[in-house]
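Beneath this line is the structure, given in structure tokens, with notes to follow.
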Amino acid sequence: IDKKNGNDEGSDAEDDAARPAWNSKLQYILAQVGYSVGLGNVWRFPYLCQKNGGGAYLVPYLILLIVIGIPLFFLELSVGQRIRRGSIGVWNYISPRLGGIGFASCVVCFFVALYYNVIIGWSLFYFSQSFQQPLPWHECPLVKNKTTIESDTKSSATTYYWYREALNISDSISESGGLNWRMTICLLAAWSMVCLAMIKGIQSSGKVMYFSSLFPYVVLICFLVRALLLKGSVDGIRHMFTPKLEIMLEAKVWREAATQVFFALGLGFGGVIAFSSYNKRDNNCHFDAVLVSFINFFTSVLATLVVFAVLGFKANIMNAKCVALNTKKIVALLGNEVSHDLIPHHINFSATVSAEDYQQMTEILRGVTEKDYPRLGLDSCSIEEELNKAVQGTGLAFIAFTEAMTHFPASPFWSVMFFLMLVNLGMGSMFGTIEGIITPLVDTFKVRKEFLTVGVSLLAFFIGLLFVQRSGNYWVAMFDDYSATLPLLIVVILENVAVAWVYGTDKFFEDLKDMLGFTPFRFYYYMWKYVTPLLLILLLGSSVIQLGMTPPSYSAWLEDMASEKSLKYPPWGLAVCISLVVMAIMPVPVVFFLRYFNIIDENAGVVSTISYKKGCIIKESVRPEEDDDASLIHAKSPGSEAPSPMPGNSIYRKQSGGVPDAAPNGRYGIGYLMADMPDMPESDL
């Protein structure tokens, strides 16, 4: 747009030229996929599927993905892509009084990053221990007199290794037990990897995404093929897809499905907004929203197939061990309490007894000694019961899955692949989480991205030492339960309200038409304005009720009993739980009241108005619409209280008597920086 003092470009064109961009559309899609597809797809979704009706659970999940997930994902992509700022700048721009939404997202991202990288550290530890034959968790450890450790006789070898060797866990959260030096080193390595990948910005981390986003799919497919060749894998998959339709009518199933949709896409964290802010303005973000959402869904289904195939194999192994143990007991009973003639002649006790023969044998014994059957001391051996033992989270990854892999041929190879996959899944999500912190702070306070990234990583590492104490696992569980769930629900509700009701759904639709070149389906209008806010409020209410009805507790591992036990948090632990929720949502009311009472000028769309360019301090306009010409770009209409955050048609027009507008989408008009274009340091922002 021509200005009176010359042919200067408009502020948006300048912003396009200065702001880093993705090298390609594929790189951007992989970044969004890597961010949304995380550890929860591997160890949370299969658990919910098994717990809530098997294949029937996919129906409410898919419905809620379409009704809640895709509309909200599309909304975050749209505002980030057009306003080209992180979460703080976006919500300051749409409604200054709701500017605290962005700060709340940053706080939640920081809380989640603290413990999420600890899990990556655990995966790094197991990865480093996988280059051994046999695997160190393959069998019980021996003491000097060649006997097994007593606590290990009460639990499996993988359970013992996880709690006693890897975590060296204390008996309660009150017993810190000092630092676990091996996990401290792994945490340092994890934060170093994140920092180095992020320090050069999205063009550097985007290249990392080619590996971190695609490698997990290679591993999952390899695991699926290998698992299908193992005995019992079909039993696991059959168990998964056997629908329990009556469970679908329970409200809890729909609530858990909605929560999983919500967190699977990374809504409310700010990472989606941050990644999309580096896009060209006319990128088809609706296509991106649908594509990434369904990739996420199919990844969850693929991971569930792998998990149930492997657990089916494990269930057959466990059942065979149970049958062998019970067979020894039965042989001891024959001739004493039970006549040997009752046992069918085709059953050979000198060989391995099949599950079918064992079932026939126990039915005969139960009929003969019905009253005394429990006294025989026979364990219940059933593949179905083994598959019904639902496990999730660390219990699935570091106990159940590791135990199954010890029975794989070439088990070290599969262990290396599995934990490398977990590291990659975790890193992909961490990049988006850290971007949700760094991008809005750089955009708002105009600090050098390199310094901020190193500073955030160092601060997070030192605070993260809390999670590598002997009691660290309990702190991870606390942060996972209380630092994100309620705050993120509140954040996303406010995001939806800010766009649909404060800014206006009709205006937002017009802006989308200008930006995309077509009008989105009317379906989104009703979702954003009515359905999605209502469902989110219901989800928030049910979550609060659930927390109120369930006393805060955690699962502690007791060494003497060699088993887990649910313990209540001490009073100071309850205070920490409440503080996590309060600290995460506090920026929202604080910013609202500061601007409502004009303690901070409500017209100030950003906190800082100073930018640093090539060593010079340049005073910037607080809001772009304060420039008369810039207001044309933002389609400010006469009498409107707030400028449109979306472009008017004028941004795409040539001005009479002047030179054509600089292409707002890059040198070649496609919005991505090409290889032959000179790189602009991100520090120049």
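Neighbour counts of other C-beta atoms within 10 Å: give me ILE83, ILE221 arranged from fewest to most. Mind showing how you got there, number by number?
Numbers: ILE83 23, ILE221 12.
Ordered from fewest to most neighbouring Cβ atoms within 10 Å, ILE83, ILE221 come out as ILE221, ILE83.
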Problem set entry | Estimated inter-spin distance, ASP560 and LYS252, nm [label 7 Å along Cα→Cβ] | 3.2
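Full extension from SER24 to PHE287: what is 0.36 nm times the residue separation minus their Cα-Cα distance, to one decimal in nm?
Values: separation 263, 0.36 × 263 = 94.68 nm, distance 1.56 nm.
Extending this stretch completely gives an extra 93.1 nm.
Take the Cβ-Cβ distance between SER380 and LEU229 as r, set R0 to 22 Å, and report the resulting FRET efficiency rounded to the nearest 0.05. Present the calculation step by step, with values, prior to reporting the outcome.
On the way: r = 29 Å, r/R0 = 1.30.
Between SER380 and LEU229 the formula returns 0.15.
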Exercise. How much length, in nm to one decimal, is gained on full extension between LEU535 and TRP501, taken as 0.36 nm per residue of separation minus their Cα-Cα distance?
Worked result: 10.7 nm
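For a quick protection proxy, order the peptides 34-45, 294-305, 455-466 by their average other-Cβ count within 10 Å, most packed first. Don't skip to the answer; put the middle values down first.
Details: 34-45: 24.3, 294-305: 20.2, 455-466: 16.8.
Final packing ranking: 34-45, 294-305, 455-466.
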Problem set entry | Net lengthening on full extension, LEU458/TYR526 (0.36 nm per residue, minus Cα-Cα) | 20.0 nm
Problem set entry | Pairs beyond 26 Å (Cα-Cα), from LYS252/LYS565; LYS200/LYS280; LYS25/LYS529 | LYS25/LYS529
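Each value in this text was obtained by applying a stated rule to the coordinates, not by laboratory testing. Bear in mind the structure is a predicted one, so any value in this text is a computation, not a measurement. Ideal geometry is used to build each Cβ from the backbone, glycine not excepted, and the neighbour counts take in all protein chains shown.
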